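To keep things clear, I will list the structure first and then write my remarks on it.
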Amino acid sequence: TIAISVFFSGIIALTLSPAIAAIILQKNHKEHKLATQFNKLLDSLTNHYVKLAGVLIEKTWLSYSIFLLILGLVTYFYITTPTSFVPDEDQGYLIALTNLSDGASLERCREVDEKIAQIAMKHPAVENVVGLTGFSLLESINRTNIGTNFITLKDWSQRKAKNTQADAVLKSLQEEYDKIEEGLIHVVNPPAIQGLGTVGGLEFWIENRGDGGLPFLEEVVLGFIEKAKERKEIGGLFTTAEFNNLQFFVDLDRYKAKALGVPIADVFQTLQTFVGAIYVNNFNKYSRVYQVIVQAAPEYRERLDNIGDMYVKSIYNEMVPLKSLMKIYPKPGSNLISHFNDFLAARIFGGPAPGYTSGQAINALIEVADAYLPEEMSFGWSGEGYQEIATGGTSSIVLLAGLFMVFLILSALYEKWSLPIAIILIIPFGVFGAFLAIWLNGMPNNVYFQIGLVTLMALSAKNAILIVEFALMKYNEGLSLKEAALEAAKLRFRAIIMTSLTFILGVTPLVLSTGAGAASRHSVGVGVFGGMIAATVFALLFVPFFFTQIYRGEKKKT
């Protein structure tokens, strides 16, 4: 997007803009009084700027000290600024997950979901609540003790106050839901990018790569969660894996079934049909399509004794009662057996605690896993956490590749390997301004900020190119290096100020934006806003210094 827009902008600047300028600018143009005052102010500012730039050229030690200080600060900010993948957006709704004790009836779960809806509707930012009682969103299965509630918020135009933003509403509702004693309720954000995970936050998997089975996995998972909760960077940890659900084990006497001529498959088919359900076909009636589902009526499948009323047909055309072929006894087990990377695994959901970023939470979880998990256990990531780890470090490669491309293009333009360095050296000042801006606002280093850095790098180089190009022309006309550099800076001062102000004011709406997608716009806008201010100020002051230093060094070599 950026590349294509710059391409069209360049074409228009070289063709349409000069033609429009020729039409607008007239010989008898009279300057407005306000414009006259502005020009006087700008001329005064230009003179002061040229004097300061001359001091930096003369005071070499001072200029190098400032430059080294900026490099040190950039390194410090890069290392210490918390990282994240993408910011959590206010998407206009939240998700409340209900989890009752094992074996809880659907009616009990519905009562808790009704409490959730009543509490949510009292909040001034909530518009409506849609409940799916008996459905587990995280596991995509039906369970009577699980509920999923979608809490829709009012339009962003009606939620200007901070306490009506999604993160504030989440915190407020979670405090109220923690008071409900019937079960555990977790309020979560939807994923920042749809399809990237089931809910927002981190998805952490513990894999059992040994022979311990479910009991050993349960012990490790529960112990890991307790250890991870001790870390201040991590918040809201929970798992959907339950290893001690009450289940009934059907022990089929296969030898007896064979002796009576009962096919094994027919036994399980009968259980599936009467206790569960089975789809047969469709039929049309009154211009509508209906499904045929075979299932025993509720009163004939609500107790274990009902299995005695179920029969299966043998190969001898005799009806054999199921109770004569099997024994049923209770046995604890897992509600859902999950695999990750082909290994028996359990998924843990969580996210960063308030005041911390996802990058800090990821590092904390990795440290706990390395210290706590036994050798036969491993871990993995999915959702946003996986993407953040996969993209970690790639932004630095992109920035370095961009710098290298700029250097090669400028080297071809000036037909020199050394002169482009005067332009490249100004880029750290813009990066410093960007990191300083997000540091002052308590924002993380995420993907959107890194996209802004790429844009900022090009804009910083543009300002430096304007000065270096004119300085080289003036030097070839016979001026000294210092005179040429200062004259070029003076001539291009207005152009750099105007273009920089245009861009800074252009990104101001990103900095001040609210509503849907505001967090992403802030990540781009704040960094570019601060970086462009720093790049403009320092480029005007230091490009003449870098030009004289590098060109003087080149002359000494020749």
Taking the range 329-355 and keeping only residues that are over 14 Å from Gly200 (Cα atoms) and either among the aromatic types (Phe, Trp, Tyr) or free of Cβ contacts under 8 Å to residues at least 40 places away in the same chain (or both), one is left with Tyr329, His339, Phe340, Asp342, Phe343, Gly355
Which numbered condition Glu477 misses (of (1) more than 19 Å from Ala53 (Cα to Cα); (2) in contact (Cβ under 8 Å) with a residue 24 or more places away in the chain):
(2)
Quickly run through the range 458-476 and pick out the residues that are hydrophobic (A, V, I, L, M, F, W, C) and buried (at least 23 other Cβ atoms within 10 Å of the Cβ).
Ala461, Ala464, Ile467, Val468, Ala471
What residue, among those in the range 137-152 that are β-branched (Val, Ile, Thr) and within 29 Å of the chain's Cα centre (by Cα), is modelled with the lowest pLDDT?
Ile141
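If a residue has to be outside any loop (DSSP other than H, G, I, E, B) and touching a residue at least 40 places away in the same chain (Cβ under 8 Å) to count, how many in the range 291-310 make the cut? Before you say what the answer is, go through the steps one by one.
Just the residues of the range 291-310 that are outside any loop (DSSP other than H, G, I, E, B), to begin with: 291-294, 298-300, 304-309.
The next check asks that each one be touching a residue at least 40 places away in the same chain (Cβ under 8 Å); those that pass are 304.
Number satisfying all stated conditions: 1.
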Of the residues that sit in the range 405-455 and are of a type in the set (Ser, Thr, Tyr) and within 27 Å of the chain's Cα centre (by Cα), which one is farthest from Ile389 (Cα to Cα)?
Thr455
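Are any of the residues in the range 307-320 loosely packed, with under 12 Cβ neighbours inside 10 Å and of a type in the set (D, E, K, R)?
Of all residues in the range 307-320, those loosely packed, with under 12 Cβ neighbours inside 10 Å come to 315-317, 319.
With of a type in the set (D, E, K, R) added as a condition, the list becomes none.
Scanning the range 307-320 turns up no residue that is loosely packed, with under 12 Cβ neighbours inside 10 Å and of a type in the set (D, E, K, R).
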Counting only residues that are among the hydrophobic types (A, V, I, L, M, F, W, C), crowded, with 19+ Cβ neighbours inside 10 Å and either out of contact with any Gly (no Cβ under 9 Å at 6 or more places or on another chain) or in a strand (DSSP E or B) (or both), how many does the range 187-211 have?
6
Condition test on Leu491, is it free of Cβ contacts under 8 Å to residues at least 12 places away in the same chain and open to solvent by 50 Å² or more (accessible area, probe 1.4 Å)?
no
For Leu505, only one of the following conditions fails: (1) part of a helix (DSSP H, G or I); (2) among the aliphatic types (A, V, I, L, M); (3) open to solvent by 10 Å² or more (accessible area, probe 1.4 Å); (4) touching a residue at least 40 places away in the same chain (Cβ under 8 Å). What is its number?
(4)
Can you tell me which condition Leu479 does not meet? The list is (1) within 30 Å of Gly530 (Cβ to Cβ); (2) buried (at least 16 other Cβ atoms within 10 Å of the Cβ), and all the others hold.
(1)
Mind counting the residues in the range 284-299 that are open to solvent by less than 80 Å² (accessible area, probe 1.4 Å) and of a type in the set (D, E, K, R)?
0
Would you call Leu184 outside any loop (DSSP other than H, G, I, E, B), touching a Phe, Trp or Tyr at 6+ places or on another chain (Cβ under 9 Å) and surrounded by 20 or more Cβ atoms within 10 Å (Cβ to Cβ)?
no
For the subset of the range 246-287 comprising residues that are free of Cβ contacts under 8 Å to residues at least 60 places away in the same chain, among the aliphatic types (A, V, I, L, M) and not in a loop (DSSP other than H, G, I, E, B), which member is farthest from Gly103 (Cα to Cα)?
Ala259
Here's a check for you: in the range 81-116, which residue that is under 30 Å from Gln247 (Cβ atoms), among the hydrophobic types (A, V, I, L, M, F, W, C) and not in a strand (DSSP E or B) is most open to solvent (accessible area, probe 1.4 Å)?
Leu106
Determine if the range 117-136 includes at least one residue that is closer than 22 Å to Thr198 by Cβ, part of a helix (DSSP H, G or I) and at pLDDT 85 or above.
yes
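Checking the conditions here, which among Thr536, Thr499 is buried (at least 18 other Cβ atoms within 10 Å of the Cβ) and more than 30 Å from Asn189 (Cβ to Cβ)? Break it down into steps so the answer makes sense when it comes.
Working: Thr499 fails: buried (at least 18 other Cβ atoms within 10 Å of the Cβ).
None of the others qualify; the one that does is Thr536.
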So Lys227 passes all but one of these: (1) in a helix (DSSP H, G or I); (2) open to solvent by less than 40 Å² (accessible area, probe 1.4 Å); (3) in contact (Cβ under 8 Å) with a residue 60 or more places away in the chain. Which condition number does it fail?
(2)
State which residue pairs qualify: first residue more than 14 Å from Val543 (Cα to Cα) and inside the range 45-72, second residue part of a helix (DSSP H, G or I) and open to solvent by 80 Å² or more (accessible area, probe 1.4 Å) in any location, beta carbons under 8 Å apart, and separation of 6 or more residues or different chains.
Thr46/Lys490; Thr46/Arg494
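The rows are residues; the columns are (1) more than 24 Å from Ile328 (Cβ to Cβ); (2) open to solvent by 50 Å² or more (accessible area, probe 1.4 Å); (3) within 44 Å of the chain's Cα centre (by Cα).
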residue	(1), (2), (3)
Leu222	yes, yes, yes
Glu233	yes, no, yes
Leu237	yes, no, yes
Ala241	yes, no, yes
Leu246	no, yes, yes
Arg254	no, yes, no
Ala259	no, yes, no
Ile264	no, no, no
Surrounded by 10 or more Cβ atoms within 10 Å (Cβ to Cβ), of a type in the set (Asp, Glu) and within 30 Å of Pro87 (Cβ to Cβ), is that true of Glu302?
no
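The values are calculated or read from the model by the stated rules, or taken from the named source; none is laboratory data. Predicted model, so just to flag it, every value in this text is computed and none were measured. Please note: Cβ atoms are built from the backbone with ideal geometry, for glycine as well, and neighbour counts cover all protein chains shown. In case anyone asks, the SASA skips ligands and DNA or RNA and just uses the protein heavy atoms, side chains included. Shrake-Rupley method; radii C 1.70, N 1.55, O 1.52, S 1.80 Å.
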